[in-house]
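Structure record follows, encoded as structure tokens.
The values are calculated or read from the model by the stated rules, or taken from the named source; none is laboratory data. Just so you know, these numbers come straight off a predicted model, no measurement behind them. For neighbour counting, all protein chains shown are included, and Cβ atoms are generated from backbone atoms with ideal geometry for every residue, glycine included.
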Amino acid sequence: MKRLYIVISLVIVMGMLLGACATPTPATIIQTVEVPVVQIQTQVVKQTQVVIETVEVAAPTAPAEEQLPRNETLYFNGQQWGAVKCWNPYSADCNNAMAIAAGDSSRVTMFEAPYLFNMLDGKQYPLLADGDFVWNDALTEITFKIKAAAKWNDGTPVTADDFAYTWATMIKYNTSGGNNYKEYIDTVEAVDPSTVLVKGKLDADGKAVNPLMIAAYLSSTYVSQKAWTQTLEARVAEDATAFLADPAEDVVYSGPYHYFFADDTKVVLIRDDNYWGQDASMFGKLPVPKYLAHTIFKDNAAGSVALAQGEVDVSQQFNSNIQILWLNYGLPISTYLPDPPYGIGASLPTAYYNLKAYGLDQVAVRKAIAIAVDYPTIIANAMTNQSATFDQVPRSLMNPTPGEQALYDHDAVADMQWAGNDIEGAKKLLDDAGITDTDGDGWREYNGKKLSYVATCPNGWSDWQAAIEVVAAAGKKIGIDITSNFPEWAVYQTVVTKSDTDLPEGYEIFMMWSDSAGPTQPWGRVRHLLSSEFVGNAVNWNGNWGQYSNPAVDELIKKLPGLTDPAEINATYTELVKI
């Protein structure tokens, strides 16, 4: 999996160059990636059969003029796939993961939010803001102050007008962030130059439609400079399409790093030595690395090689059999947790159905495929045990953390949950629904038409690809023709995030992610997976990419944020898990 919302972060000891390590004797392998210095093991599952592949990976080299001092550079992988398109904080199509990644846990290298969310304790901490935010008694409005030291890179102060104008601009130009919050936030106002007032939208009873979303906005949305935004508006003559497509290479920012170099091989940010955060009211000093660099690798295998060779310091991609790097090779690499699953399962990769595809509008077909999938194989082979098993955490709408698991009645849904690999149960489900093979070709038909689908995910995302092959194999075992296809991420993300039209052929079953930890969870994840509000958005990074629509679910999602009775909250989440 190649997104920020990875459940594992790998950190290599800084300052140690591994290029001189001798090649150890390899352990039992599924796939060997040969490199000049060390051997890294990855795996591919093809229709549940293990295959052996050898992949030659050349260590990437940058032009001489792009070489960076190793002792001043922190190298990443797993975030940037493909060339950066733009530096526009209003755009959802920049493909700029190092600089633009606003969300529950926003990346704040170049652009900043008033608060940051800490998934370990569930709290929001001030960044641009000065102190905690304050609710009014009715929980309909939030007020917060801005740090006096907070400055833009041009030396001007960050003001409440910047916050107010950012919100107005998001609504005016129909940005993805604006679409995510416009049903919950009414206005963002500047009370005075250093005081911001966020007013929630109210329901018929005068209560906030969703207090959770009002608070979440504070840590999931970047603030942009009003003056620069107005410059951009003038440049594009306030044309919405041009506004969001502008590369914004002149953008003003408040974060500690900014653009230094970018092409189709790597992205480099350089530290702003005038960064306001070195003020005593914030960090008191500058971040240590002068450069943040991200080599753009072809796939997970190449990224894993670079990690082992000391060319990557922080890895946020999937690294197959990560434990062999220290157990077999003695490399100074560690994970957040020392034992499987090696990280906190804050976000789980999710296979979505295209509900507009023929036959997938039938619950029997969707459930049959789901219960036939061999999940233990996915966990053991595709994920190399870097995911909780179904015995450890039965799957639901909740992440594996104890807090979320306590929010629904496990006994009430136990007979509806499955561990997978139930081929006979899947066949019976289809037979009972009258979905059978009527022409004897081995494939089932629905209303006379063969059930044939493509399961897909981005090319090079090895854990997802292996999981997709297991899904395809499950289909064949129950008489549903499922093949696999792996387009490049640049193509894939453009297709999947366009929700104002039906998904094209070849995207009947596809992988994306679910929400990670955040101030709205697990409500936000339920919304992300099931809410119909995102259906119809031309650019949709917010969720429900399969375009599921159920008025009963929408009503429960709408109801949850206003509940205060723990028993009622539990009952509502339990009902959603059942659905």
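Values computed for the structure shown
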{"quantity": "Some residue of segment 374-381 being in a loop (DSSP other than H, G, I, E, B), acidic (Asp, Glu) and in the same structural domain as Pro458 (by TED's automatic domain parsing)", "calculated": "yes"}
{"quantity": "Lone unmet requirement of (1) within 24 Å of Asn95 (Cβ to Cβ); (2) not in a loop (DSSP other than H, G, I, E, B) for Lys559", "calculated": "(1)"}
{"quantity": "Test: residue in segment 262-271 that is charged (D, E, K, R) and more than 26 Å from the chain's Cα centre (by Cα)", "calculated": "no"}
{"quantity": "Selection status of Thr436, at pLDDT below 95 and either over 19 Å from Met511 (Cα atoms) or surrounded by fewer than 22 Cβ atoms within 10 Å (Cβ to Cβ) (or both)", "calculated": "no"}
{"quantity": "Subset of segment 430-455 that is assigned to a strand (DSSP E or B) and of a type in the set (Phe, Trp, Tyr) - its residue that is nearest to Leu355 (Cα to Cα)", "calculated": "Tyr453"}
{"quantity": "Filter result (touching a residue at least 40 places away in the same chain (Cβ under 8 Å) and either loosely packed, with under 14 Cβ neighbours inside 10 Å or in a helix (DSSP H, G or I) (or both)) within segment 411-428", "calculated": "Ala412, Val413, Met416, Ile423, Gly425, Ala426, Lys427"}
{"quantity": "Segment 456-499 - residue that is β-branched (Val, Ile, Thr) and not in a helix (DSSP H, G or I) and, of those, surrounded by the fewest Cβ atoms within 10 Å (Cβ to Cβ)", "calculated": "Thr483"}
{"quantity": "Asn399 being surrounded by 23 or more Cβ atoms within 10 Å (Cβ to Cβ) and out of contact with any strand residue (DSSP E or B) (no Cβ under 9 Å at 6 or more places or on another chain)", "calculated": "yes"}
{"quantity": "Condition check for Ser224: within 23 Å of Lys498 (Cα to Cα), outside the structural domain of Gly562 (by TED's automatic domain parsing) and hydroxyl-bearing (Ser, Thr, Tyr)", "calculated": "no"}
{"quantity": "Pairs with Cβ under 8 Å, 6+ apart, first in segment 463-484 and among the basic types (Lys, Arg), second surrounded by fewer than 24 Cβ atoms within 10 Å (Cβ to Cβ) and modelled with pLDDT of 95 or more", "calculated": "Lys476/Ile482; Lys477/Ile423"}
{"quantity": "Some residue of segment 319-338 being in contact with a helix residue (DSSP H, G or I) (Cβ under 8 Å, 6 or more places away or on another chain), in a helix (DSSP H, G or I) and surrounded by fewer than 23 Cβ atoms within 10 Å (Cβ to Cβ)", "calculated": "no"}
{"quantity": "Segment 505-556, residues that are in contact with a His (Cβ under 9 Å, 6 or more places away or on another chain) and part of a helix (DSSP H, G or I)", "calculated": "Phe534"}
{"quantity": "Pair list, Cβ under 6 Å, 6 or more apart: segment 496-512 residue within 12 Å of Leu360 (Cβ to Cβ), other residue assigned to a loop (DSSP other than H, G, I, E, B)", "calculated": "Asp502/Lys356; Leu503/Asn354; Tyr507/Asn354; Glu508/Asn354; Glu508/Ala357"}
{"quantity": "Number of the exception - Asp431 against (1) surrounded by fewer than 20 Cβ atoms within 10 Å (Cβ to Cβ); (2) among the acidic types (Asp, Glu); (3) more than 19 Å from Ile371 (Cβ to Cβ)", "calculated": "(3)"}
{"quantity": "Unmet requirement for Tyr358, which otherwise passes all of (1) in contact (Cβ under 8 Å) with a residue 24 or more places away in the chain; (2) within 18 Å of Tyr573 (Cβ to Cβ)", "calculated": "(2)"}
{"quantity": "Long-range neighbours under 6 Å by Cβ, at least six apart or interchain, first residue closer than 21 Å to Trp167 by Cβ and among the polar types (S, T, N, Q) within segment 193-208, second at pLDDT 95 or above and crowded, with 17+ Cβ neighbours inside 10 Å", "calculated": "Ser194/Lys145; Ser194/Ile146; Thr195/Lys145; Thr195/Ala160"}
{"quantity": "Residue pairs meeting the criteria (Cβ under 8 Å; at least 6 apart or on separate chains; first outside the structural domain of Gly518 (by TED's automatic domain parsing), in segment 399-410; second loosely packed, with under 13 Cβ neighbours inside 10 Å)", "calculated": "none"}
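Residue by residue, here is whether (1) over 17 Å from the mean Cα position of the chain (by Cα); (2) crowded, with 19+ Cβ neighbours inside 10 Å holds:
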{"site": "Ala102", "(1), (2)": "no, yes"}
{"site": "Ser105", "(1), (2)": "no, yes"}
{"site": "Tyr115", "(1), (2)": "yes, yes"}
{"site": "Asn118", "(1), (2)": "no, no"}
{"site": "Leu127", "(1), (2)": "yes, yes"}
{"site": "Asn136", "(1), (2)": "yes, no"}
